[in-house]
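Beneath this line is the structure, given in structure tokens, with notes to follow.
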Amino acid sequence: MQQSTLSRPAARPKLRLSKPVRRFLKNKLAVVGAVILLIFSVLAVFAPVVAPADPSQIFFSDLRAAPGGIHPFGADELGRDIFSRVVYGARVSLSAGLVSVTLALVAGTALGMLAGYFRGWVDEVIMRLVDAMLALPFLVLAIALAAILGPSLQNTMIAIAIVSAPAFARITRGEVLAQREREYVQAAQALGARDSRLILRHLLPNISGALIVQTSLAIASAILAESSLSFLGLGIQPPAPSWGSMLNAARGYLSEAPWMALFPGMAIFLTVLAFNLVGDGLREAIDPRTRH
């Protein structure tokens, strides 16, 4: 009598992560930074659901109310809920950082590619312009451009993008100069590949790691710059919520209502710190030789 054989259940395929991802996950500080960014991103996306009140709604009965009750972070000088304004302010800061750095990434990478690949007079013209912009302090140049363009969130993002682009251009140029002499580039040139194909299909993917790291660090600087410009009245205008403008409004009430400055200040600190932690984690994950 033939016995029936029981087949073993097929083993589930294990989720295999790439080496950079595993190295990033081993960095506890980078993971903490990523979690903080995830929290702020969720708050920004679901602000209408998370915020208990309209960020511009005035409660005259709750002027400078202490934290607690219906105002978990307290109320400001007009009775507006600080928690709601911090949540909606996350939208402003994150969008300003992401949009401005994306514009800087595109412009700076294009200029750096042209300078590093074609060299000669193209390199000289582009890099002298980049050197001139990098000679000025980042925030001072951003303030000057924002003052010229006028106070608004869109102009703030344009100003931050302009002052952030030179760093991307310099990094891209250096990476392209290093990759340009590699064998795969020379082989593609020998096969008759066009310059556009060499740049987009061969060089750009091989320098993307350095650009990813710079992007995460640049977003932190952009958020800090947006908060500084809003603090000075050159960013988004009241009554729209912004962490920088909230700090500006809290200057006259530090002794009697310190929570007005505490919570937007903590939001700026945590967001900038999180992006820096993630940037350091990405640097070590992409190039482990940078570990100390």
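The values are calculated or read from the model by the stated rules, or taken from the named source; none is laboratory data. Owing to the predicted nature of the structure, the values given are computational and were not obtained by experimental measurement. No Cβ is skipped: glycine too gets one built from the backbone with ideal geometry, and neighbour counts run over all protein chains shown.
So, A65, is that one modelled with pLDDT under 90, surrounded by 15 or more Cβ atoms within 10 Å (Cβ to Cβ) and aliphatic (A, V, I, L, M) or not? So A65 passes the test. Based on this model, can you work out whether A257 counts as among the small types (G, A, S) and either modelled with pLDDT of 90 or more or touching a Ser or Thr at 6+ places or on another chain (Cβ under 6 Å) (or both)? Taking the combined requirement at face value, the residue satisfies it. Residue pairs whose Cβ atoms lie under 8 Å apart, sitting 6 or more positions apart in sequence or on different chains, and linking a residue in segment 186-206 that is aliphatic (A, V, I, L, M) to a partner that is modelled with pLDDT under 75, are L198/V185; L198/A188; L198/Q189; L203/V185. Please count how many residues of segment 1-52 are modelled with pLDDT of 65 or more, over 16 Å from the mean Cα position of the chain (by Cα) and of a type in the set (S, T, Y). So the count comes out to 1.
Right, G265: touching an Asp or Glu at 6+ places or on another chain (Cβ under 9 Å), free of Cβ contacts under 8 Å to residues at least 60 places away in the same chain and not aromatic (F, W, Y) or not? No; evaluated as a whole, the condition is false for this residue. For segment 183-216, give me each residue that is of a type in the set (S, T, Y) and surrounded by 11 or more Cβ atoms within 10 Å (Cβ to Cβ). Once the filter is applied, which keeps residues that are of a type in the set (S, T, Y) and surrounded by 11 or more Cβ atoms within 10 Å (Cβ to Cβ), segment 183-216 yields Y184, S208, T215, S216.
The rows are residues; the columns are (1) under 22 Å from E226 (Cα atoms); (2) out of contact with any helix residue (DSSP H, G or I) (no Cβ under 6 Å at 6 or more places or on another chain).
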| site | (1), (2) |
| --- | --- |
| L103 | yes, no |
| G108 | yes, no |
| F118 | no, yes |
| M133 | yes, no |
| I148 | yes, yes |
| Q154 | yes, yes |
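Conditions (1) assigned to a helix (DSSP H, G or I); (2) at pLDDT 90 or above; (3) among the basic types (K, R), marked per residue:
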position	(1), (2), (3)
R128	yes, yes, yes
A132	yes, yes, no
L136	no, no, no
I143	yes, yes, no
P151	no, no, no
I158	yes, yes, no
P166	yes, yes, no
E175	yes, no, no
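Looking across segment 218-251 at every residue that is over 17 Å from the mean Cα position of the chain (by Cα) and without any contact (Cβ under 8 Å) to a residue 60 or more places away in the chain, the one that is surrounded by the most Cβ atoms within 10 Å (Cβ to Cβ) is identified as S245.
Taking segment 84-108 as the range and being surrounded by fewer than 24 Cβ atoms within 10 Å (Cβ to Cβ), in contact (Cβ under 8 Å) with a residue 24 or more places away in the chain and more than 21 Å from I268 (Cβ to Cβ) as the test, the residues that pass are L103, L105, A107.
Elements of the type helices (runs of 4 or more DSSP H) sitting completely within segment 192-292 and holding at least 3 residues that are hydroxyl-bearing (S, T, Y) and within 26 Å of L149 (Cβ to Cβ): these cover 204-231.
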